Structure formats: C-alpha cells, structure tokens
Amino acid sequence: MTTCWFRPLGDPGEDRDVHPDDLAAVYDSPEAGPESAFRCATATAAVIVFLVGDAHCLVMLRSGGTDEFLVEPGNDDTSVPLSGVRTAVPAGAVVPRRRGLEALQGVDDPERLRAAHSWRAVPCWLHDPLHERLGDVVEALIDRAYAAPPDAPAALLHVKHLMLFHNEAQANGFSPELAEDAALGADHLDLPDLAAVIREIHADEDIDWRRLHERYQACSGPFGDDAGLIRAAVARRFDAFPGEFGADDRMPQP
C-alpha cells in the first residue's frame, strides 16, 4: 500500500495526506510552491521530493537503509535553497520538476525506479574527507565535551553547549536557556547559518517551531545525517587548532 503526504511551504499545520490518485493534481497545483515537500512510501521504500524554485526539485530515494539522490549529468556541488537555508547538494541532483512526480508515482517498484535513473549517495558526515582520519577523534572530543567542567578548554565548552542544545532539539524541542551558549558554539565552529537559526529563538516571540526545526535540521545535519555538519565542523576546527581542545597524549590522534 502506498501512502503519500504533502507539506506546503510555510504550512503551520500537520503534513497533509494525499491519495495517490490525487497526487498529480496536488503536485501541479499553485499551492505546491518552492520549498514544498512530498513523500510517498511503501513498506520497503520511500521517495521524498523537495521543490526548488518554480521548475526544479530534489528527489531522494530511501530504500534498504540508504538515501540516494536522483541525478542527471553534472558532478559539481552547488547550493540550493531548502527550508530557508542553503544546503550543498550535487549539481546533478537539481533536476526538472517533472522528475519528482515520476519518482513519487514509481515508489511501489523501487528496483525499476533505480534502474530507470542514475543515483548518487546523499552526502553525510561519514562521506566527509576528514571522517576517515578524524572520525574517532571527533567522537572522543564530543564524549569529553559532555563531561567538561566550567574551566575546560574553550573549544570543548563550545562543543558541549552546542551538543546539549542539539540533543534537546532532537528529543524535546528547543531549550531557550541553552540557546545563546549554543549559538556561540556554532559561531566558534564557523557555522553561521546554524547560529542564526538558534538565535531566532530569542529574536521572535511568535515562532513557527516546526518550521524552525526543519531549518535547524538542514543546518546541523540534513537528510537524516544527525549532527553531521556539526561533527564535520568539529573535525575542521580540531584539525586547524588542536590546542583549543586541550589535545594531549591521552586523546586519540590522527
């Protein structure tokens, strides 16, 4: 059985169920504007489509525990607007809008869908060039940060504040009391878009929490890569300034 939902840009309500027979009409409706999202799923696979501008989209196939973008010719990375932020995706993944509807309608036969198009793994922290060399170090740094006392090295405290905020955001919603320290942590790790989203908690008394959470996800680890961009930023900072983290002989080194 195929189930489908549609989320219009800025919709304050819940995701809307769409009958598969009505999918084409909704997909082509004026309500389905840029940055809207569609999802169709079966017991074995899901297709998720993010609309980009008026004529393009991103198509993601989730099957067998992997996420892949549908791609057309083009191998460079580019930046496309997604949920109000800019997320790097392969240029070839920005495809004509009609490809999204084709993929949504083909979710009940994922093998045929995969054979009909080219696909590329969705970028994540595990694919970051620094992961092979610094992945274990980053996890050790995060573990050390959680236990860091107030007089710990500054970078560890920044990581601690940001990851505590991140965990609350993932589990229970945003914690305003943690927000400013977390934003300073994002600043320190050179994640300005993430810092800006966190600071909106203080700047706007009438926040669309669901919308803000989508933007937070896109800045901290898009497409299910939980905190992937944060971990990659920790790796870059440690690679450049290990002394900020109090690196010594007891910490795993690359």
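Structure above, values below:
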| read-out | value |
| --- | --- |
| Accessible surface of the chain, 1.4 Å probe, proportion on carbon and sulfur as whole % | 51 |
| Correct choice for mean projected area of the Cα convex hull in nm² that was computed from the model, options (i) 14.7; (ii) 18.5; (iii) 12.1 | (i) |
| Residue-normalised accessible area of region 94-238, expressed per residue, 1.4 Å probe, Å² | 48 |
| Relative contact order [Cα under 8 Å, 6+ residues apart], the chain, whole percent | 15 |
| J(HN,Hα) series, region 120-130, from Karplus relation 6.51 cos²θ - 1.76 cosθ + 1.60, nearest Hz, glycine and proline x | 9, 4, 5, x, 8, 4, 5, 9, 5, x, 7 |
| Where GluC sites (Glu not before Pro) in DSSP loops with at most 15 other Cβ within 10 Å are excluded, longest remaining stretch of the chain | 32-204 |
| Partnerless Cys - the chain, beta-carbon criterion under 4.7 Å | Cys57, Cys124, Cys219 |
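The values are calculated or read from the model by the stated rules, or taken from the named source; none is laboratory data. Everything numeric here is computed off the predicted structure, so don't read it as measured data. Glycine also receives a Cβ, built like all others from the backbone with ideal geometry; neighbour counts cover every protein chain displayed. To get the accessible areas, we keep the full protein, side chains included, count just its heavy atoms, and leave off ligands, DNA and RNA. Shrake-Rupley method; radii C 1.70, N 1.55, O 1.52, S 1.80 Å.
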